[in-house]
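Reviewing the structure listed below.
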Amino acid sequence: MGRYFVAVVPLGLGENPEFHRLTGKLKRTVKDREITVRWTPPALFHVTLEFLGELDAQKRDAAIHALEQA
């Protein structure tokens, strides 16, 4: 069993200069305010659309099939 979710992944985000400009500004802001942040690499960024929770192999495969048909 595993924990599963449906997500949208923004491909190429790590190569986007605007993204780097905005995250650089955000990093400076939190540093200036002495806020501790654990940054996630852009390759792992995603927007979760639906958390499916714990699924066994049969339910996982059914969810994958349903998404492929959508």
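Quick look at the values:
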{"read-out": "Residues satisfying the stated conditions in the stretch 27-43, i.e. touching a helix residue (DSSP H, G or I) at 6+ places or on another chain (Cβ under 9 Å) and touching a residue at least 12 places away in the same chain (Cβ under 8 Å)", "value": "Trp39, Pro41, Pro42, Ala43"}
{"read-out": "Selection within the stretch 28-62 - in a helix (DSSP H, G or I), more than 14 Å from the chain's Cα centre (by Cα) and surrounded by 10 or more Cβ atoms within 10 Å (Cβ to Cβ)", "value": "Arg28, Thr29, Val30, Lys31, Lys59, Arg60, Asp61, Ala62"}
{"read-out": "Qualifying residue in the stretch 14-22 (condition: open to solvent by less than 80 Å² (accessible area, probe 1.4 Å) and at pLDDT 95 or above)", "value": "no"}
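The values are calculated or read from the model by the stated rules, or taken from the named source; none is laboratory data. Note that this is a predicted model, so its numbers are computed, not measured. Counting neighbours? That spans all protein chains shown, and the Cβs are built from the backbone with ideal geometry, glycine included. Surface areas here come from the heavy atoms of the whole protein model, side chains and all, with no ligands, DNA or RNA. Shrake-Rupley method; radii C 1.70, N 1.55, O 1.52, S 1.80 Å.
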